[in-house]
């Protein structure tokens, strides 16, 4: 009488006969006759690494990472632990003189899924979802006049809609170069000079740096009178240095400079971050499923050849 080794173990293990393990018709492949796949083992290896990828990628990409980064990384560790468990089962199965091939595959597949999901999910979060969450969690200010409002009054601004008559003073644009060129230009109201130039439009690699020009965002759109707050902490110090250069070059003052991307519709831009985040998530999940499916098919073919040779 043969007995199962458990639900998960049964997907990979062989049956026993008289207490001595050997390969029979219930193995991943039969020995000495036409090869037959263990369908349960194949399906487990198709679905399990993919589900690991989905879980880790989702935790690293979306709101869990924003509100509780520790929990997101604990999900990554859970994926690593699952890979380690499959490796342990492969070792244990080999010690029992049984075929460990599908356990070994599961260990590698789950490990690869966890690593790539963590890396790609973190990139998707950094470039798409974090800016979206940041903007959505701070304030929107309508009818802002750069000649009247001060930067200190709008420190929590995410989206700013300026009054009619507001524009860019390209004669006072400036750039700071540090590998990339960090471009700034003051946002002004009419032609009157300001006591403090606290509102600045910014961009990267969209000005010459040698003349007073600025070609960032929707600089040439006459309907653009809005700003979307710069949320990249790694870029802010370089834009601040560019503003300091402008203060020295044009003899102006910027007490509390705030940085914005100049555009017509900040809402559409924010929603594009969200849309890109979900789009890349779907692409990554579908691509990994196809990749893992090909790997399982290749492994099944390779295992059949190995079984045939022995």
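Answer yes or no as to whether residue 222 is touching a helix residue (DSSP H, G or I) at 6+ places or on another chain (Cβ under 6 Å) and under 30 Å from residue 154 (Cβ atoms). Even if it seems obvious, please write down each step before you answer.
Numbers: touching a helix residue (DSSP H, G or I) at 6+ places or on another chain (Cβ under 6 Å): no; under 30 Å from residue 154 (Cβ atoms): yes.
No: the conditions fail for residue 222.
Being surrounded by 16 or more Cβ atoms within 10 Å (Cβ to Cβ) and either in the same structural domain as residue 284 (by TED's automatic domain parsing) or modelled with pLDDT under 90 (or both): is that true of residue 214 here? Even if it seems obvious, please write down each step before you answer.
Working: surrounded by 16 or more Cβ atoms within 10 Å (Cβ to Cβ): yes; either in the same structural domain as residue 284 (by TED's automatic domain parsing) or modelled with pLDDT under 90 (or both): yes.
Spelling it out, residue 214 is indeed surrounded by 16 or more Cβ atoms within 10 Å (Cβ to Cβ) and either in the same structural domain as residue 284 (by TED's automatic domain parsing) or modelled with pLDDT under 90 (or both).
What number of residues within region 252-270 satisfy the criterion of being under 20 Å from residue 135 (Cα atoms) and surrounded by 14 or more Cβ atoms within 10 Å (Cβ to Cβ)? Please lay out each step first, then the result.
Taking region 252-270 as the starting set, the residues that turn out to be under 20 Å from residue 135 (Cα atoms) are 256-270.
Applying the additional criterion that residues be surrounded by 14 or more Cβ atoms within 10 Å (Cβ to Cβ) yields 257-266, 269-270.
Count: 12.
Is there a residue being outside the structural domain of residue 111 (by TED's automatic domain parsing) and assigned to a helix (DSSP H, G or I) anywhere in region 224-237?
At the first step, the residues of region 224-237 found to be outside the structural domain of residue 111 (by TED's automatic domain parsing) are 224-237.
From what is left, the residues that are assigned to a helix (DSSP H, G or I) are 236-237.
Looking through region 224-237, at least one residue is outside the structural domain of residue 111 (by TED's automatic domain parsing) and assigned to a helix (DSSP H, G or I).
When residue 247 is evaluated against the numbered criteria (1) at pLDDT below 90; (2) part of a helix (DSSP H, G or I), which criterion, by number, is the only one it fails?
Result: residue 247 fails condition (1) only.
Any idea which of (1) under 22 Å from residue 150 (Cα atoms); (2) in a strand (DSSP E or B) is the one residue 181 doesn't satisfy?
Every listed condition holds for residue 181 apart from (1).
Here are the criteria: (1) closer than 30 Å to residue 60 by Cα; (2) in the same structural domain as residue 258 (by TED's automatic domain parsing); (3) out of contact with any helix residue (DSSP H, G or I) (no Cβ under 6 Å at 6 or more places or on another chain). Tell me which single one residue 182 does not satisfy.
With (1) closer than 30 Å to residue 60 by Cα; (2) in the same structural domain as residue 258 (by TED's automatic domain parsing); (3) out of contact with any helix residue (DSSP H, G or I) (no Cβ under 6 Å at 6 or more places or on another chain) applied to residue 182, the lone miss is (3).
Report, ordered by the first and then the second residue, all pairs with beta carbons closer than 6 Å, sequence separation of six or more or different chains, a first member in region 102-119 that is free of Cβ contacts under 8 Å to residues at least 12 places away in the same chain, and a second member that is assigned to a helix (DSSP H, G or I).
The qualifying pairs do not exist here.
Name the one entry in 158, 111, 121, 84 that is assigned by TED's automatic domain parsing to the domain that holds residue 247, under 30 Å from residue 284 (Cα atoms), within 31 Å of the chain's Cα centre (by Cα) and not in a loop (DSSP other than H, G, I, E, B). Don't jump to the end; show me each part of the working.
On the way: 111 fails: assigned by TED's automatic domain parsing to the domain that holds residue 247; 121 fails: assigned by TED's automatic domain parsing to the domain that holds residue 247; 84 fails: assigned by TED's automatic domain parsing to the domain that holds residue 247.
Every option except 158 fails the conditions.
Among (1) assigned by TED's automatic domain parsing to the domain that holds residue 220; (2) out of contact with any strand residue (DSSP E or B) (no Cβ under 9 Å at 6 or more places or on another chain); (3) in a helix (DSSP H, G or I), where does residue 290 come up short?
(1)
Inside region 45-82, can you point out the residues that are surrounded by fewer than 15 Cβ atoms within 10 Å (Cβ to Cβ) and in contact (Cβ under 8 Å) with a residue 60 or more places away in the chain?
63
Condition first: in a helix (DSSP H, G or I) and either modelled with pLDDT of 95 or more or in the same structural domain as residue 162 (by TED's automatic domain parsing) (or both). Can you find one or more residues in region 250-258 that meet it? Before you say what the answer is, go through the steps one by one.
Restricting attention to region 250-258, the residues satisfying the condition of being in a helix (DSSP H, G or I) are 250.
From the residues that got through so far, the ones that are either modelled with pLDDT of 95 or more or in the same structural domain as residue 162 (by TED's automatic domain parsing) (or both) too are 250.
Checked against the condition, which is being in a helix (DSSP H, G or I) and either modelled with pLDDT of 95 or more or in the same structural domain as residue 162 (by TED's automatic domain parsing) (or both), region 250-258 yields at least one hit.
Restricting the search to region 194-210, which residues are farther than 16 Å from residue 151 by Cα and not in a strand (DSSP E or B)?
Just the residues of region 194-210 that are farther than 16 Å from residue 151 by Cα, to begin with: 203-210.
Hits for region 194-210 are 205, 206, 207, 208, 209, 210.
Taking the conditions exactly as written (over 24 Å from residue 134 (Cα atoms), touching a helix residue (DSSP H, G or I) at 6+ places or on another chain (Cβ under 8 Å) and buried (at least 16 other Cβ atoms within 10 Å of the Cβ)), does residue 281 satisfy them or not?
In short, no.
The values are calculated or read from the model by the stated rules, or taken from the named source; none is laboratory data. Bear in mind the structure is a predicted one, so any value in this text is a computation, not a measurement. Quick reminder, even Gly has a Cβ in these numbers, built from the backbone with ideal geometry, and neighbours come from all protein chains shown.
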